[in-house]
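Heads up: the structure comes next, in structure tokens.
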Amino acid sequence: MIHNKVIYGNVTVLDLAMALIILIVSIGVAKGLVLYTRRLLKEKVDKGQLEIFAKVLYYVIIVTAVLVALPFLGVKPSGLLVAGGVVGLAIGFASQSIIGNLISGIFLIIERPIKMGQSVNIEGTVGIVEDIRIMSTTLRTFEGLFVRIPNQKVFTTNITNYVANVARRVDYTIGIPYTAEAENAISLIKKLIEAEPFALKNPEPVVYVDNLGDNSVNLLVRFWAPVSEWFSIKTKMLWRMKKALEEEGIEIPFPQRVLWFANELKGSVKADPESVVGKEAEAENLS
């Protein structure tokens, strides 16, 4: 019969048909599971992590199906693994950076030091995380540029995450004249902070004289705000403090320099004979 017809070696038409059926069914099952997983975990898992998990699930099912189908095609998985190991070893030496990026990407997925949508600083590149892939991470800078960073570099360098904590501190250094009352300025600034609804009460805001500068008494101002409102508060509170200090007659001083001369400057000024003043002086002398 046709299903017992040998195609090559010991592989029959039936064996070939079984291998194809396994692969086709596995592809359908993989796509169905991925779709179901995305719907099930859509609201529970970060979008980037969900996409990575879906891809891994899909390829695991496909690879498993291939290993199951190989015996029907007369290929022993053990021999394939040995050959694949030798080839993989050669490729590994030739592409160490690729393997490093792949492994680093897996560790980034497990550790999750950054997430999509967060503002971060990765070795001097500041921006918002747009995508985290197996091989690389993409940032969108605040200038609108997209920067691709290999995962090996992301995983092995220092990462500053600006929004991982729920609150962030606002710092100012405000200079006031030496003639001004520092206590009044401190009290005024504290009242402005207390009146701001997004300025957190805990940790407690602090305002104090930090140092005596060349041109001013420098006040250090520190308070905390929710990370989602940090930038807005940082910009508007500084302007409020400036206006409030000016209304109280406390102006922010400009740089000043006092010049001392060791000897008194002496000299005489002679008029130019050709100038109007010089001609008038000459006429007076003739008279």
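The values are calculated or read from the model by the stated rules, or taken from the named source; none is laboratory data. Just so we're clear, the structure is a prediction, and the values are computed from it rather than from any experiment. Don't worry about glycine lacking a Cβ; one is built from the backbone with ideal geometry, like all the others, and counts go over all protein chains shown.
Summary table
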{"read-out": "Test result for E204, closer than 25 Å to P113 by Cα and among the acidic types (D, E)", "value": "no"}
{"read-out": "Subset of the range 141-153 that is surrounded by 12 or more Cβ atoms within 10 Å (Cβ to Cβ) and under 13 Å from V126 (Cβ atoms) - its residue that is nearest to the chain's Cα centre (by Cα)", "value": "T141"}
{"read-out": "Flag if F223 is at pLDDT 95 or above, surrounded by 15 or more Cβ atoms within 10 Å (Cβ to Cβ) and not small (G, A, S)", "value": "yes"}
{"read-out": "The range 105-133 - residue that is part of a strand (DSSP E or B) and not β-branched (V, I, T) and, of those, farthest from R148 (Cα to Cα)", "value": "S119"}
{"read-out": "Candidates R133, R169 - the one that is out of contact with any Ser or Thr (no Cβ under 6 Å at 6 or more places or on another chain), over 30 Å from V221 (Cα atoms) and surrounded by fewer than 18 Cβ atoms within 10 Å (Cβ to Cβ)", "value": "R133"}
{"read-out": "Set T179, T138, T156: member being over 19 Å from L238 (Cα atoms), among the β-branched types (V, I, T) and surrounded by 14 or more Cβ atoms within 10 Å (Cβ to Cβ)", "value": "T138"}
{"read-out": "Of all residues making up the range 154-201, the number that are closer than 21 Å to P226 by Cα and either under 33 Å from the mean Cα position of the chain (by Cα) or among the hydroxyl-bearing types (S, T, Y) (or both)", "value": "27"}
{"read-out": "Residue identified as surrounded by 11 or more Cβ atoms within 10 Å (Cβ to Cβ), at pLDDT below 70 and either among the hydroxyl-bearing types (S, T, Y) or not in a loop (DSSP other than H, G, I, E, B) (or both) among L57, L102, L50, L80", "value": "L80"}
